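Asker: My questions all concern the structure below.
The values are calculated or read from the model by the stated rules, or taken from the named source; none is laboratory data. Quick caveat: nothing in here was measured; it's all calculated off a predicted structure. Here the Cβ positions follow ideal geometry from the backbone for every residue, glycine too, while neighbour counts run over all protein chains shown. Each accessible area value is taken on the protein alone, full model and side chains, heavy atoms only, with ligands, DNA and RNA left out. Shrake-Rupley method; radii C 1.70, N 1.55, O 1.52, S 1.80 Å.
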Amino acid sequence: MRKLLLLLVIYLAFISLGLPDALLGSAWPAMIDYLNVPADFAGIISMIVGSGTVISSLFSGYFLEKFGEAKVTTFSVILTALALMGFSYSQHFFFLCLLAVPLGLGAGSVDAALNNYVAIHYQAKHMNWLHAFWGVGAAIGPIIMASYLAKNGAWTEGYNTIAWIQFGLVAILILSLPLWEREQAVNDPNEKSHSKNLVTLIRTIPGLKQALLVFFCYCTIEASFGLWGASFLVFEKGFEADQAARLVSLYYIGITVGRLFSGYLTNYFTNRQLIYCGQGIIAIGLVLLSTPFTSMLIPGFILVGLGCAPIFPSLLHETPINFGEKYSQKIMGMQMASAYVGILLMPFVYGKISTLTGYSTLVGFLGIFLLVLILMNKALNTRVKKN
């Protein structure tokens, strides 16, 4: 019963983690006039949030070892709640940039802490469902914001409501503190594992370099397709903007539904088998998108989403298996940081590429990273198996 109650709390935490992720994009058209800034300034806030997330992910291992998942998660959610509340009262772009720092720092720590805890204490199906619940939060956030924009155009009230939801989660997390299991450090006289820095871990842990590349490549595919898929449809396939948006929504529905379904499939397949299967489904989806037939676009978008679904949570759940629980906290943070670098950097890089080549190269761009993902994942499994 204790583990079940805690699992419900963790699910709520991941819904909460997803709530702010799509807020900026949905509120930005209303924020532009209010703040009197150029439209592209949203990218500045997004980059600051993302940079904070990368930094906190990298250093999360140290804080998790020192304070434990429960305290780190609770403090991180407090940070995000305060940042979102600050957003609701900000009247200047400069203050939003300052508040983006704790928003990113809090998000990265929560992500690494909860992923590692679930990977160690729960079955693979719960990791898949956990990330499906993130999708639920990411969908609810814009709905809440849209309801306020439809009433009076007050984006500040949308942020205020999300902030209070986060404070509600803080109360739940505080009440749940006795439910968490704190891992005891293993004292090995021959090896001081916790003193190893991140660079030393990369150099000495077999397969870690490949694992970081796998996370980078996967998130490059997921984020780049999500950002530029609509542009590919509009500028290369002649779709209207609203039609393109609906097809992109099928991609995200594919990810969310696929993660719910893949949670059940963990009863019959291993994490590695689900990862290989997901890679194959993405490949089929990209092949369909590369054909000149318009009828192949809908199944192509759905298949890419379904293929993405099991890969990320299955990779995360394999972390303690691949590298051992002793290193999993630090390595989980490093993997999340590598993932966020892919999310931050590569959609921007492809945006620059598309200005020279057009969006017809999107499928090829994604195909290259899928190939590297497959090769690095195979190398990872080989290195880990040898050890």
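Asker: Cβ contacts < 9 Å: first residue more than 16 Å from Leu247 (Cβ to Cβ), restricted to region 276-303; second residue open to solvent by 80 Å² or more (accessible area, probe 1.4 Å) and polar (S, T, N, Q), any location; separation 6+ or different chain. Result?
Answerer: none
Asker: While we're looking at this one, here's another question. Tell me, please, whether a residue that is at pLDDT below 90, more than 29 Å from Ala13 (Cβ to Cβ), open to solvent by 80 Å² or more (accessible area, probe 1.4 Å) and outside any loop (DSSP other than H, G, I, E, B) can be found in region 202-215.
Answerer: yes
Asker: Here's a follow-up. For region 344-371, which residues satisfy the criterion of being open to solvent by 50 Å² or more (accessible area, probe 1.4 Å) and within 20 Å of the chain's Cα centre (by Cα)?
Answerer: Once the filter is applied, which keeps residues that are open to solvent by 50 Å² or more (accessible area, probe 1.4 Å) and within 20 Å of the chain's Cα centre (by Cα), region 344-371 yields Leu345, Phe348.
Asker: Kindly establish whether Lys326 is among the basic types (Lys, Arg), open to solvent by 40 Å² or more (accessible area, probe 1.4 Å) and on the phi < 0 side of the Ramachandran plot. Reasoning before the result, please.
Answerer: Values: among the basic types (Lys, Arg): yes; open to solvent by 40 Å² or more (accessible area, probe 1.4 Å): yes; on the phi < 0 side of the Ramachandran plot: yes.
Yes.
Asker: Looking for something without any contact (Cβ under 8 Å) to a residue 12 or more places away in the chain and β-branched (Val, Ile, Thr) - is there at least one such residue anywhere in region 337-352?
Answerer: yes
Asker: Every residue in region 45-71 that is open to solvent by 10 Å² or more (accessible area, probe 1.4 Å), farther than 11 Å from Ala107 by Cα and not small (Gly, Ala, Ser), please.
Answerer: Met47, Ile48, Leu58, Phe59, Tyr62, Phe63, Glu65, Lys66, Phe67, Lys71
Asker: Let me ask something else. Restricting attention to region 24-40, does a residue exist that is closer than 27 Å to His126 by Cα, of a type outside the set (Asp, Glu) and open to solvent by 30 Å² or more (accessible area, probe 1.4 Å)? Steps first, answer last, please.
Answerer: Quick first cut of region 24-40, residues closer than 27 Å to His126 by Cα only: none.
The answer is no; no qualifying residue exists.
Asker: Tell me, which residue of region 250-264 that is over 17 Å from the mean Cα position of the chain (by Cα) and without any contact (Cβ under 8 Å) to a residue 60 or more places away in the chain is surrounded by the most Cβ atoms within 10 Å (Cβ to Cβ)?
Answerer: Filtering region 250-264 for residues that are over 17 Å from the mean Cα position of the chain (by Cα) and without any contact (Cβ under 8 Å) to a residue 60 or more places away in the chain, the one surrounded by the most Cβ atoms within 10 Å (Cβ to Cβ) comes out as Leu250.
Asker: On to the next question. Report, by residue number, each residue of region 1-11 that is open to solvent by 40 Å² or more (accessible area, probe 1.4 Å) and touching a Phe, Trp or Tyr at 6+ places or on another chain (Cβ under 8 Å).
Answerer: First pass over region 1-11, keeping only residues open to solvent by 40 Å² or more (accessible area, probe 1.4 Å): 1-5, 8.
Lys3, the sole residue that qualifies.
Asker: Can you tell me which residue in region 12-23 is modelled with the lowest pLDDT, limited to those that are in a helix (DSSP H, G or I) and open to solvent by 30 Å² or more (accessible area, probe 1.4 Å)?
Answerer: Among them, the one singled out is Ile15.
Asker: Same structure again: Could you list, in sequence order, the residues of region 115-167 that are open to solvent by 40 Å² or more (accessible area, probe 1.4 Å), under 30 Å from Lys330 (Cα atoms) and not in a helix (DSSP H, G or I)?
Answerer: Gln123
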